[in-house]
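Everything on this sheet refers to the single structure shown next.
Nothing in this text is a laboratory measurement; each read-out follows from the coordinates by a stated rule. Computed from a prediction, not measured in an experiment: that's the story for all the values here. With ideal geometry, Cβ positions are generated from the backbone for all residues, glycine too; neighbour counts draw on all protein chains shown.
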Amino acid sequence: MRVLIAPDKFAGTLTAVEAAEAIAAGWARQAPGDELDLAPMADGGPGFVDVLHAAQGGELLGVTVEAPHGEKVPATVLVVGDVAYVEAAQACGIHLMDGGAEFGSTVGVGELLIAALESGARRIVVGLGGSGTNDGGAGVLAALGATSDGILDSGAIALDTVSRVDVAPARARLAGVTLVAATDVDIPLTGMFGATKTFGPQKGIDEDRIAEVDGWLEGFATASDRRTSLEKGAGAAGGIGFALLLLGASREPGIELVSEAVGLLARARAADLVITGEGAFDFSSRSGKVPYGVAEVCSQALRPCVALAGQVLVGSREMRALGIESAYSLVDAVGEERAFADPAGALADLAERVARTWSR
């Protein structure tokens, strides 16, 4: 039996590569004769560069960029031919935050773009997801040379000083380069379904401050380009999507971009079963997340898809609406303590159990 293993990261515990290897190890214990094909996945968030490097090769360039609160952190740019890939979370990920998202800047993401430019790339793909910031991408614009009558590089809290933004210098710096925003969400910048309202609480913005912070982004949008702020994906990564769209970027779902890069459709057609997974499998997985993207590819390939997750938070009806035949919870199988204490071993054990049902 041929099994394609295509999980996302298990946030906070396993990278996508580690998750794929753990699933393969457990499956092989139960079904040593099965042929296993590992295709770690990403949706634009953490792991985006590593997954693409594993799939396509290329050169990893080490750089140092500014983190959300001004300290310096290491990051990488993947260069494959004349294409460069950068991962916004390396410069502004939630793991780099100390305090609410309104205090963090995205200058470091702009510095990643500059490093990609200096590599000679003619196409730059920016993976968006896993951010801890919420500055509308103002820091990105500042790093690339945009000017303003206010402060762009000190987080959302400083945006109430801004009434005019000129992005022309930043656009000029990117002249002749194709820019792509690889997003895992399609939300606008502001409003009821915008970046602050949707993701602010999980980034540390107190509920009673949501309206105020969203108002700062509204003002920033008015000062730059209100219409662009309403486009799908403008709210990705706390508004970095907005900055990239202002700079002329096109938007692509990150999962689709990665699926194409790893040849997922062809590999699914060559398999009898596809396994995907992520840390928490819930109905938000439908919004550009890896399991739903993998399941869509499986539907094209006419292959069954099952999911292994840290937690499964949907019922069978919702699961099948997402295109997943069955989903298995790591916490339910081995308990929360072991799931966090030994995530790779626990995931391998879960995969071994699932193989008893699904392997021939």
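Key figures
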{"quantity": "Cα pair distances of region 48-255 binned at 10 Å [whole percent]", "calculated": "10, 41, 37, 11, 1"}
{"quantity": "GNM top mover of Val126, Val297, Val334 - the chain, alpha-carbon springs below 10 Å", "calculated": "Val334"}
{"quantity": "Using a Förster distance of 41 Å, the FRET efficiency for Arg320-Asp206 (Cβ separation, nearest 0.05)", "calculated": "0.65"}
{"quantity": "In region 165-229, the chymotrypsin sites (Phe, Trp or Tyr not before Pro) that fall in loop regions by DSSP, at most 14 other Cβ within 10 Å", "calculated": "Phe193"}
{"quantity": "Simple label model, 7 Å out from Cα along Cβ direction - Leu60 to Lys72, nm", "calculated": "2.0 nm"}
{"quantity": "Most mobile of Ser154, Ser326, Ser131 in a GNM of the chain (Cα contacts under 10 Å)", "calculated": "Ser326"}
{"quantity": "Acute angle (nearest 10 degrees) that the helix 210-224 long axis makes with the longest principal axis of the chain, alpha-carbon atoms", "calculated": "60 degrees"}
{"quantity": "Long-range lysine pairs (8 or more apart or interchain), the chain, Cα under 24 Å", "calculated": "8"}
{"quantity": "Space enclosed by the convex hull of the alpha-carbon atoms of region 3-86, per residue, Å³", "calculated": "109 Å³"}
{"quantity": "For the chain, cysteines whose Cβ has no other cysteine Cβ within reach (under 4.7 Å)", "calculated": "Cys92"}
{"quantity": "For region 98-208, convex hull of alpha carbons as volume per residue, Å³", "calculated": "107 Å³"}
{"quantity": "Net charge dipole size for region 48-255 [Lys, Arg +1 and Asp, Glu -1 on Cβ; Debye, nearest 20]", "calculated": "620 debye"}
{"quantity": "Measure of compaction for region 3-146 (Cα Rg per 2.2 N^0.38 Å)", "calculated": "1.16"}
{"quantity": "Kirkwood Rh in Å, taken over all unlike Cα pairs in the chain", "calculated": "20.5 Å"}
